[in-house]
Amino acid sequence: MAESLSSQEGWLFGLKKHLHDEQYRPGYVGLCIAAARNFVAFLHEQNIAITEAQSTTVESYLKTARPKRGWRNRRSTADEQWRRAQKNGIHMLLRMVLGQWPPIPAVATEDELYRQELCEEYAKWLAEMRGLAQETVAERKAEAGRFLRWLGKRVTRQTLVIDIEHVDSYMKSRAESLQRASTKGLAIYLRSFLRWLHTSRRCAQDLSLCVRAPSLYALEGIPSALQPREVTNILSIAKQDHSAIGIRDYAILMLLAEYGLRAGEVTSLRLDDVDWRKEVIRIRHRKTGVTSWLPLLPEVGEAILCYLRQARPKTSFREIFIRGIAPYRPFRSGSSLYSRARYRIDAAGISATGKRGPHAFRHARATSLMLASVPLKEIGDLLGHRSADSTLIYLKLATEDLRELALEIPAEVKP
């Protein structure tokens, strides 16, 4: 049964307040409220409670409400824009009322429920017994879920049928679309899950010993890096963009270029990590768990201060860098900076080979320090490395210096 009109108006009022609080533009607020109001009216006509709405309900509304211009060509740009505007408002309303949207799909069978239970128990073991990072746990859990779904009917609460042929077939099917490094990671994740199945006595045989992976040799490749003049050019072009997003991107690029930070270390920076009086900045190296206090370089401090004073949206979040469009929230992860870094590299007209994201600046900084004869230990400390082996890879970037060390080929081995 549909809800009363007073309840519907209450939800619409709550949605409008939410959009204003999140600082959406007035025009966008109007579009979202209009879409939500029309959807609520549709539910009332169909005698459907909003708490019972499903994805199919939204699609039914869009079919009945689609403007005439979209009937002739459903793939037209105007029709797609209309659908996007409608869905944004409707999904926001449903997320506010139901707490989550889209709804979590119900488990269809007992076998699916068992597979979910296995994955949850495996993830708990990885976190509590192995002490792995949350991101690593999520990646390994996802791979375990893919493997169990691939096995299908072989995995039930009563039986768990896995043999070497199944493992080989799965590895072959997954590796077809992966590069060598990714295939190596797949093998590590699969070994971990198979080992857990054995130690938890769900599988009599330890099949982790049967997982084959390509060989990766230490320091076999040369990491890609921007040249110093290219970094200078990128920073110069970015500094000329005086928009709010331009000021923010310039501050981010300065941190990447001057300190060689990882993208996740930049997005996790908080306001209290900068001590303006002592002129130091705290960096939490999430990959290694190390915390560093580094001198706050004047150029970097000025870029951050300019962003805080002129471009940072008003928000209660303590992270320094905030998304440039509503809702104004911190970046979800370091990977969110990839598109921004690539955009700035392309804007400078640089055709970089290899890495084109934030990590290219990290490699460039390591190279410049090495060419300046900075000791490896100090470079490793700046980059947040726990082992000198992690820093040694950057030696290969100093190609001109390495050429001077090359030995002549003896005459007897020359063709």
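The values are calculated or read from the model by the stated rules, or taken from the named source; none is laboratory data. Every value quoted in this text rests on a predicted model; they were computed, and no experiment measured them. Virtual Cβ from ideal backbone geometry, glycine too; neighbours counted across all protein chains shown.
Summary table
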{"item": "Cβ-Cβ under 9 Å pairs, at least 6 apart or on other chains, the range 180-198 side free of Cβ contacts under 8 Å to residues at least 24 places away in the same chain, far side not in a helix (DSSP H, G or I)", "result": "Gly185/Leu178; Gly185/Ala213; Arg191/Val211; Arg191/Ala213; Arg195/Asp206; His198/Ala204; His198/Gln205; His198/Asp206"}
{"item": "Residue that is part of a helix (DSSP H, G or I), at pLDDT below 85, among the aliphatic types (A, V, I, L, M) and within 29 Å of the chain's Cα centre (by Cα), where the choices are Ala106, Ala85", "result": "Ala85"}
{"item": "Which numbered condition His198 misses (of (1) crowded, with 18+ Cβ neighbours inside 10 Å; (2) more than 30 Å from Arg323 (Cβ to Cβ))", "result": "(1)"}
{"item": "Residues satisfying the stated conditions in the range 42-59, i.e. loosely packed, with under 15 Cβ neighbours inside 10 Å and assigned to a helix (DSSP H, G or I)", "result": "Glu45, Thr51, Glu52, Ser55, Thr56, Glu59"}
{"item": "Positions within the range 306-316 being out of contact with any helix residue (DSSP H, G or I) (no Cβ under 9 Å at 6 or more places or on another chain) and either at pLDDT 95 or above or surrounded by fewer than 15 Cβ atoms within 10 Å (Cβ to Cβ) (or both), in sequence order", "result": "Arg309, Lys314, Ser316"}
{"item": "Hits in the range 283-305 - residues which are loosely packed, with under 15 Cβ neighbours inside 10 Å and over 24 Å from the mean Cα position of the chain (by Cα)", "result": "Trp293, Pro295, Pro298, Glu299, Glu302, Leu305"}
{"item": "Number of the exception - Thr353 against (1) assigned to a loop (DSSP other than H, G, I, E, B); (2) at pLDDT 90 or above; (3) not aliphatic (A, V, I, L, M)", "result": "(2)"}
{"item": "Options Gly185, Gly264: the member that is outside the structural domain of Gln310 (by TED's automatic domain parsing) and under 28 Å from Ser292 (Cβ atoms)", "result": "Gly185"}
{"item": "In the range 317-341, residue surrounded by the fewest Cβ atoms within 10 Å (Cβ to Cβ) [restricted to those that are assigned to a loop (DSSP other than H, G, I, E, B) and hydroxyl-bearing (Ser, Thr, Tyr)]", "result": "Ser333"}
{"item": "Selection status of Ile350, buried (at least 18 other Cβ atoms within 10 Å of the Cβ), closer than 30 Å to Lys16 by Cα and in the same structural domain as Ala251 (by TED's automatic domain parsing)", "result": "no"}
{"item": "Boolean, Arg277 is at pLDDT below 90 and either in the same structural domain as Gly324 (by TED's automatic domain parsing) or over 25 Å from the mean Cα position of the chain (by Cα) (or both)", "result": "no"}
{"item": "Pick from the range 366-378, criterion of a type outside the set (D, E, K, R), in a helix (DSSP H, G or I) and at pLDDT 70 or above, ranking: surrounded by the most Cβ atoms within 10 Å (Cβ to Cβ)", "result": "Ala366"}
{"item": "Boolean, Ile237 is touching a Phe, Trp or Tyr at 6+ places or on another chain (Cβ under 9 Å) and assigned by TED's automatic domain parsing to the domain that holds Ala360", "result": "no"}
{"item": "Checklist (1) surrounded by fewer than 20 Cβ atoms within 10 Å (Cβ to Cβ); (2) part of a helix (DSSP H, G or I) applied to Ala238, failing item", "result": "(1)"}
{"item": "Any chance Leu160 is in contact (Cβ under 8 Å) with a residue 60 or more places away in the chain, more than 21 Å from Arg212 (Cβ to Cβ), surrounded by 14 or more Cβ atoms within 10 Å (Cβ to Cβ) and of a type outside the set (Ser, Thr, Tyr)", "result": "no"}
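The rows are residues; the columns are (1) of a type in the set (Phe, Trp, Tyr); (2) assigned by TED's automatic domain parsing to the domain that holds Leu94; (3) within 30 Å of Phe317 (Cα to Cα); (4) in contact with a Phe, Trp or Tyr (Cβ under 9 Å, 6 or more places away or on another chain).
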site: His20; (1), (2), (3), (4): no, yes, yes, no
site: Tyr24; (1), (2), (3), (4): yes, yes, yes, no
site: Leu31; (1), (2), (3), (4): no, yes, yes, no
site: Ala34; (1), (2), (3), (4): no, yes, yes, no
site: Phe39; (1), (2), (3), (4): yes, yes, no, yes
site: Glu45; (1), (2), (3), (4): no, yes, no, no
site: Thr51; (1), (2), (3), (4): no, yes, no, no
